[in-house]
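Undergrad: What follows is a single structure, and I will ask about it in a moment.
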Amino acid sequence: MGLDSGTKLGPYEVQAPLGAGGMGEVYRARDTRLDRAVAIKILPSHLSADPEFKQRFEREARAVSSLNHPNICQLFDVGRQDGTDFLVMEFLDGETLAERVRRGALPLPELLKVGMTVAQALAAAHRAGMVHRDLKPANIMLTKGGAKLMDFGLAKPAAAAAGGSGSAPLLSAARTMSGPTPVSPLTTAGSIVGTIQYMSPEQIEGKEIDARADIFALGAVLYEMATGKRAFEGKSQISVASAILEKDPEPVHTSKPEIPPALDSLIAGCLAKDREERFQSAHDVWMRLKEITDRPQAASAPSRGGLATGVLLAVSAALLATAVVLFLISRSAAPGFSVRAYIPPPPGTAFRPTGFDSGPVVVSPDGKMLAFSAVDEKGITNLWIRPLDAAQATMLPGTEDASAPFWSPDGQHLAFIADRKLKKISVRGESAQTLADEAAYGGSWSADGIILFSAKNNGPLSAVAATGGQASDATKLAAGELFHSEPSFLPDGKYFLYRAYGRDTPSVIKVGELGNPNGKPVDVVQGEAPNFASGRLIFVRDGHILAQSFNLKTMKVSGDPQALGEASKLSVSPAGVLAYHESSNRSELKVFDRSGNVIAVPGALAAYSAPRFSPDGKSIAVTVTDSRSEKSDIWVYPAAGGQPTRITFGPDDYWPVWSPDGKELGYALNDNGKISFRRRPLDGHTPEETIFETEAYSGGSTLDWSPDGKYLSIDLRDKSGTWSNWILPLEGKHEPFRPPSTANITASAYDGMFSPDGRWLAYFSYESGRPEVYVVPFQSEGLKYQASTIGGWVPRFGDKREFFFITMGNRLMVAPIEAQANFRLGATQPLFQLDLPNFAGPNYSVSPDGQHFAVLTVDHTKSSSITLLTNWTAALPK
């Protein structure tokens, strides 16, 4: 229907039409309450009358309205009047990028500015669980205040958004600008999702899509801004689709030789046909654009030896990435020139930088190779080698479940941890050799053939010959210290750096002497992950990589530390190459349905851990760590979103569990090394009760409350660092006991989750050498059921009929419980992929009915790729 000027829709007064399409008509209007201009979109009556459409529309409107970002057009309101549904959006005055590109290519500074803005907007949307699916120049508005991304139409994760015949975005194509009608046609309901010239190959093929579809579209938009023409053209939609699937666009430099090679390669990396070889996040693209912006002269410099030409002509994204790295390294050899590059994981895998059995990237001593752990789609972890002059990484056979790799001094071998043993393997792929039968963390390999490593979770460093043999203590714990880790030999091979971790004190970097474990170590500085290169101590403090001058004679630092990046671990070579995985202790608290759709975002980015649904499914208790004090407290968030409530106020409270009636919370508390367990009524009147406290253990956590209300399941960590499950009675004498079925387990075991009838306990442990999930009787010895077969962790019961756990690749699995009498599971099936943060812990919870999942989701402001910094000393602030 057409609306005349002066028509009122609630408080909004229509002024003039702006555009129309299959999804409705758009008008400029005035908000009479706030006296501001808005854009109103009227939805067609035939769609408004569809109950399914209405439900979807309302859900998507709620999600889109939560996108509060300066570079995203905001949705203000949704209304209905006289049978007419409408949305109210921010009015933007300017022109679309499509209209601007019609006049020709953009100057490089303007192109980079718009590209960075759009990448930031996409990154924000992807963090909120939304994929645009229709990114194109017509949906980018150029205003006086900068570029704005419009028309977000997807309010659910891409895992649920099949391309092809999938439902079109309901909120798409809201015309929120002044000026002529859009250059590109408006999206219509029920049509293929997206505009054909900007669609990714997986969209055209009708496959499920994710955020990487937007990365492809962003590449096409960047190409169009750079050249003034579309990346893929054709006389029909079929011919355009064929070009997208089978052809690569002409390199940008062919028509625009002034474009920096780095930008050309960036665009090609976005337009890779295989999404596994594409840039993996919008944040990665933003960082690359920022690098080009910050170093325009270097980015535009002529290439050496024809290498840049090879980059531009490469047809594989993997080859492109390799050539770019080589080009950047060759450029970084110039004095004062440092380059940051980003390397994605091998196709079909994900990095395992931190958390259980992690394998962060390590640089070979000559700076020419990288090694890292990656987990495939089946949850199997292996070591990979990536020469910087190779097109792809290569998996090392015989390294299944490998973690914590480190290089031999000659770069011919890798040492690693697998099956809780220290092993080494040749990079040529020969069989692995066991060096020590007990190992927890990796270490450092000296030129004299001595390896330092951590034999136990808690304890001093150990030393063993690189040929194997008897291990011996290399350090001695001082009073109050729990463990030593992260050794790194200094150049003389006699002294070494290491991290000393104490109870409730910051980690300290120390210098030890090989062969003198009882000697007095030198305290250097607070921090962790110590390395030495180019006359500086490189280390991590508070999540930041720092470099500080270090005197090898006095073993003292001088001057102020200077920041190089954000990470929890790093690797640096004497050749001037620094590599790390960006990391963060922050995550978002989201609620998913069984299809992987985000249905609520109760908590924005914060340092969360251990979320737990309340018995009625309406609230989520979670640990939140304050970034300033680093102390943790318990908060309760409404599951549907809303104002959270703080429950505890220190000194360090964590890992809440609900009582069966939902009237109390149990939690653990760490007070200067004294571990205690408490129960707190939520009525606001009854004081909390300390149930049990101990100084005999170095750690403890609450796990679950039994259905009959009589017991708490807890974990305790002994002084050697081994975790085990205990049961704490809430009636009578509060003395914990080991469940009979797990009392004899000597390997670390985690969790101890009660089944809904209270008869069974689920846990995961390292009994087989890697984490696997088991179910045992609660109060008697008997049948032991293994639920996972290729690695699993964090088991959960949903209701009386289902059982959940996570694979080592973080895929959420579900199995029906077919028998209660002797416990038997049916066939295990995947539900959806969890995007968990890279730190260990119970990062999800299942609602009582098994239909919803509270999940801590990774901080996507950090890159998912390896960050490679060449000639890193040149990157230090002057």
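Undergrad: Hey, could you check region 89-106 for residues that are among the basic types (Lys, Arg) and outside any helix (DSSP H, G or I) and say which is nearest to residue 40 (Cα to Cα)? Steps first, please.
TA: Of the residues in region 89-106, the ones among the basic types (Lys, Arg) are 100, 102-103.
Checking which are outside any helix (DSSP H, G or I) leaves us with 102-103.
Details: 102: 27, 103: 29 Å.
Selected residue: 102.
Undergrad: Going by the structure shown, is residue 565 open to solvent by less than 30 Å² (accessible area, probe 1.4 Å), assigned to a loop (DSSP other than H, G, I, E, B) and among the small types (Gly, Ala, Ser)?
TA: Working: open to solvent by less than 30 Å² (accessible area, probe 1.4 Å): yes; assigned to a loop (DSSP other than H, G, I, E, B): no; among the small types (Gly, Ala, Ser): yes.
Here the answer is no, as residue 565 does not meet what is asked.
Undergrad: Residues of region 530-560 being among the hydrophobic types (A, V, I, L, M, F, W, C) and within 26 Å of residue 627 (Cβ to Cβ), which ones?
TA: Narrowing region 530-560 to residues among the hydrophobic types (A, V, I, L, M, F, W, C): 532-533, 537-540, 545-547, 550, 552, 555, 557.
Result: 537, 538, 539, 540, 545, 546, 547, 557.
Undergrad: Let me ask another. Show the residue pairs that are 6+ apart or on different chains and have beta-carbon atoms under 8 Å apart, the first residue being within region 623-646 and on the phi > 0 side of the Ramachandran plot, the second being part of a strand (DSSP E or B).
TA: 641/600; 641/601; 641/602; 642/602
Undergrad: Separate question: Within region 144-152, is even one residue among the aliphatic types (A, V, I, L, M), farther than 30 Å from residue 811 by Cβ, crowded, with 19+ Cβ neighbours inside 10 Å and modelled with pLDDT under 85? Lay out the reasoning, then the answer.
TA: So the first thing to find is which residues in region 144-152 are among the aliphatic types (A, V, I, L, M), and the list is 147, 149-150.
When the remaining residues are screened for being farther than 30 Å from residue 811 by Cβ, the result is 147, 149-150.
Now restrict to residues that are crowded, with 19+ Cβ neighbours inside 10 Å: 147, 149-150.
Add one more test, that the residue is modelled with pLDDT under 85, and what stays is 150.
For region 144-152, residues among the aliphatic types (A, V, I, L, M), farther than 30 Å from residue 811 by Cβ, crowded, with 19+ Cβ neighbours inside 10 Å and modelled with pLDDT under 85: present.
Undergrad: Now for a separate question. Could you please let me know if residue 828 is surrounded by fewer than 19 Cβ atoms within 10 Å (Cβ to Cβ), at pLDDT 85 or above, of a type in the set (Val, Ile, Thr) and under 25 Å from residue 403 (Cβ atoms)?
TA: Numbers: surrounded by fewer than 19 Cβ atoms within 10 Å (Cβ to Cβ): yes; at pLDDT 85 or above: yes; of a type in the set (Val, Ile, Thr): yes; under 25 Å from residue 403 (Cβ atoms): yes.
Taking the combined requirement at face value, the residue satisfies it.
Undergrad: For region 794-809, give me the residue count where each residue is more than 14 Å from residue 762 (Cα to Cα) and surrounded by 23 or more Cβ atoms within 10 Å (Cβ to Cβ).
TA: Selection size over region 794-809: 2.
Undergrad: To continue, here is another question. For residue 777, which of the numbered conditions (1) open to solvent by less than 20 Å² (accessible area, probe 1.4 Å); (2) within 23 Å of residue 358 (Cβ to Cβ) fails to hold?
TA: Condition (2) is where residue 777 drops out.
Undergrad: Just the residues that are farther than 19 Å from residue 487 by Cβ, hydrophobic (A, V, I, L, M, F, W, C) and in contact with a helix residue (DSSP H, G or I) (Cβ under 9 Å, 6 or more places away or on another chain), please, taken from region 548-577.
TA: Selection gives 564, 577.
Undergrad: Right, next: Can you find, within region 21-48, the residue that is surrounded by the most Cβ atoms within 10 Å (Cβ to Cβ) among those that are of a type in the set (Lys, Arg) and at pLDDT 90 or above?
TA: So the first thing to find is which residues in region 21-48 are of a type in the set (Lys, Arg), and the list is 28, 30, 33, 36, 41.
Narrowing the set further to residues that are at pLDDT 90 or above leaves 28, 30.
Values: 28: 20, 30: 17.
The residue in question is 28.
Undergrad: Show me the helices (runs of 4 or more DSSP H) found entirely inside region 193-252 where at least 2 residues are closer than 23 Å to residue 286 by Cβ. First the steps, then the outcome.
TA: Working: elements: 201-204, 211-227, 237-246.
Helices (runs of 4 or more DSSP H) meeting the threshold: 201-204, 211-227.
Undergrad: Quick check on residue 577: is it open to solvent by less than 30 Å² (accessible area, probe 1.4 Å), farther than 19 Å from residue 794 by Cα, over 22 Å from the mean Cα position of the chain (by Cα) and modelled with pLDDT of 95 or more? Spell out how you get there, then give the answer.
TA: Values: open to solvent by less than 30 Å² (accessible area, probe 1.4 Å): yes; farther than 19 Å from residue 794 by Cα: yes; over 22 Å from the mean Cα position of the chain (by Cα): yes; modelled with pLDDT of 95 or more: no.
No, not satisfied.
Undergrad: Would you please name the residue that is modelled with the lowest pLDDT, looking only at residues in region 583-597 that are farther than 17 Å from residue 567 by Cα and buried (at least 23 other Cβ atoms within 10 Å of the Cβ)?
TA: Ranking the candidates gives 588 first.
Undergrad: Can you tell me which residues in region 483-518 are surrounded by fewer than 18 Cβ atoms within 10 Å (Cβ to Cβ), among the charged types (D, E, K, R) and at positive phi?
TA: Selection gives 504 alone.
Undergrad: Follow-up question, since we're still on this one. Take residue 480 and decide whether it is among the small types (Gly, Ala, Ser), at pLDDT below 90 and open to solvent by 50 Å² or more (accessible area, probe 1.4 Å).
TA: Details: among the small types (Gly, Ala, Ser): yes; at pLDDT below 90: yes; open to solvent by 50 Å² or more (accessible area, probe 1.4 Å): yes.
Yes.
Okay, residues lined up against (1) of a type outside the set (S, T, N, Q); (2) within 28 Å of residue 801 (Cα to Cα):
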{"position": "690", "(1), (2)": "no, no"}
{"position": "714", "(1), (2)": "yes, yes"}
{"position": "717", "(1), (2)": "yes, no"}
{"position": "727", "(1), (2)": "yes, yes"}
{"position": "734", "(1), (2)": "yes, no"}
{"position": "743", "(1), (2)": "yes, yes"}
{"position": "748", "(1), (2)": "no, no"}
{"position": "753", "(1), (2)": "yes, yes"}
{"position": "763", "(1), (2)": "yes, yes"}
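Undergrad: Which ranges mark the strands (runs of 3 or more DSSP E) fully within region 623-680 that have 1 or more residues being over 17 Å from residue 611 (Cβ atoms) and open to solvent by less than 20 Å² (accessible area, probe 1.4 Å)?
TA: 664-671
Undergrad: Here are some residues: 367, 398, 411, 379. Which one is part of a loop (DSSP other than H, G, I, E, B), of a type in the set (Gly, Ala, Ser) and open to solvent by 40 Å² or more (accessible area, probe 1.4 Å)?
TA: Values: 367 fails: open to solvent by 40 Å² or more (accessible area, probe 1.4 Å); 411 fails: open to solvent by 40 Å² or more (accessible area, probe 1.4 Å); 379 fails: open to solvent by 40 Å² or more (accessible area, probe 1.4 Å).
Just a single option satisfies the conditions, and that option is 398.
Undergrad: Please specify each residue of region 741-796 satisfying the condition of being aliphatic (A, V, I, L, M) and touching a residue at least 24 places away in the same chain (Cβ under 8 Å).
TA: The first filter runs over region 741-796 and keeps only residues aliphatic (A, V, I, L, M), leaving 743, 745, 747, 749, 753, 761-762, 773, 775-776, 783, 787, 790, 794.
Result: 747, 749, 753, 761, 762, 773, 775, 776, 783, 787, 790, 794.
The values are calculated or read from the model by the stated rules, or taken from the named source; none is laboratory data. Note that the structure is predicted; figures quoted are calculated from it, not measured. Don't worry about glycine lacking a Cβ; one is built from the backbone with ideal geometry, like all the others, and counts go over all protein chains shown. Keep in mind that these areas ignore ligands, DNA and RNA; they rest on the heavy atoms of the full protein, side chains included. Shrake-Rupley method; radii C 1.70, N 1.55, O 1.52, S 1.80 Å.
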